[in-house]
């Protein structure tokens with residue numbers, strides 16, 4: 001959700017090129033990649049229970065997104081925005097890779113002893129591990145699609161409701177199709193339109209934050225009295 005919402009916001013509100021918007025996303029994507037690389041060492045090397053890594057990542061995501069949401073709405077990007085991006089990105093990297101890596105081990109542990117029952121049971125155990133891994137991936141994509149849909153609907157409803165008193169129906173129709181038409185408006189009207197877009201994207205940040213907070217419920221459902229460690 002973040003990798004879709006943020007570049008769009010940079011282009012629509014801060015009037016930067018697609019390339020510049022991608023560069024401004026690096027403070028999010030680079031820590032995400034670093035955290036993903038670290039999770040193997042944390043869970044396998046140091047043998048930290050995966051649930052602790054997932055919890056830490058979710059906390060970092062929540063803090064980063066909450067601070068981003070709390071920023072004042074303006075046409076300029078404060079430097080702190082990139083720090084909050086990095087915080088959220090690092091949290092996403094910790095949770096994403098840990099969930100993908102731990103799923104096969106959870107299934108294998110529940111199927112322990114099946115190897116002794118014959119080749120058919122062993123193949124069934126491998127199949128269960130594959131189903132678990134693909135299930136995690138599919139649910140992650142499904143959740144992202146639902147989140148993007150919700151954030152986009154909030155943005156469109158806010159823009160159409162707020163801009164109807166600022167722009168003509170023709171101008172509104174053009175701008176909802178492409179924000180590049182904002183450049184053809186009067187300078188004073190441009191700023192009003194961009195601020196309304198900024199408010200809409202802030203609603204999108206609130207939506208992402210709500211999905212992130214919902215992860216704590218999932219963590220609660222996965223919590224064990226004695227957290228398991230990877231072998």
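For the reader, a short list of remarks on this structure follows.
- Ranking of 186, 191 by count of other Cβ atoms within 10 Å, fewest first: 186, 191
- Evaluated at q = 0.15, 0.16, 0.20 Å⁻¹, the base-10 log of the normalised Debye intensity for the range 142-211, with identical point scatterers placed on the Cα atoms, takes the values -0.50, -0.56, -0.79.
- Calculated diffusion of the range 31-93, Stokes-Einstein form, Kirkwood radius summed over Cα pairs, 37 °C and 0.692 mPa s, µm²/s: 264
- Over the chain, relative contact order from alpha-carbon pairs under 8 Å, at least 6 apart, %: 30
- Average 1/r across all pairs of distinct alpha carbons in the chain, invert it, and you get the Kirkwood radius: 19.8 Å.
- Principal axis dimensions, largest first and in whole angstrom, of the range 1-111 by Cα: 54, 25, 21
- Angle between the chain longest axis and helix 50-70 axis [Cα atoms, degrees, rounded to 10]: 10
- q = 0.16, 0.23, 0.28, 0.29 Å⁻¹: log10 I(q)/I(0) that the Debye formula gives for the range 6-66, counting C-alpha atoms only: -0.65, -0.93, -1.10, -1.13
- Spatial offset of the range 179-231 relative to the range 7-36 amounts to 14 Å, using the alpha carbon center of each.
- Think of it as helices only: each DSSP H run of n ≥ 4 in the chain is worth -39500 (n - 2.57), and spread over all residues that comes to -26500 deg cm²/dmol at 222 nm.
- Between residue 138 and residue 100, the distance separating the two model label sites (each 7 Å from Cα on the Cα→Cβ line) works out to 1.8 nm.
- Helix 26-40 vs. the chain, principal-axis angle (Cα, 0 to 90°, nearest 10): 0
- Applying 0.36 nm per residue to the separation of residue 199 and residue 186 and subtracting their alpha-carbon distance, the gain on full extension is 2.7 nm.
Read-outs throughout are calculated quantities, based only on the coordinates presented, and are distinct from any laboratory measurement. No experiment lies behind these values; they were computed from the predicted model shown. Cβ sites come from the backbone with ideal geometry, for glycine too, and all protein chains shown count toward neighbours.
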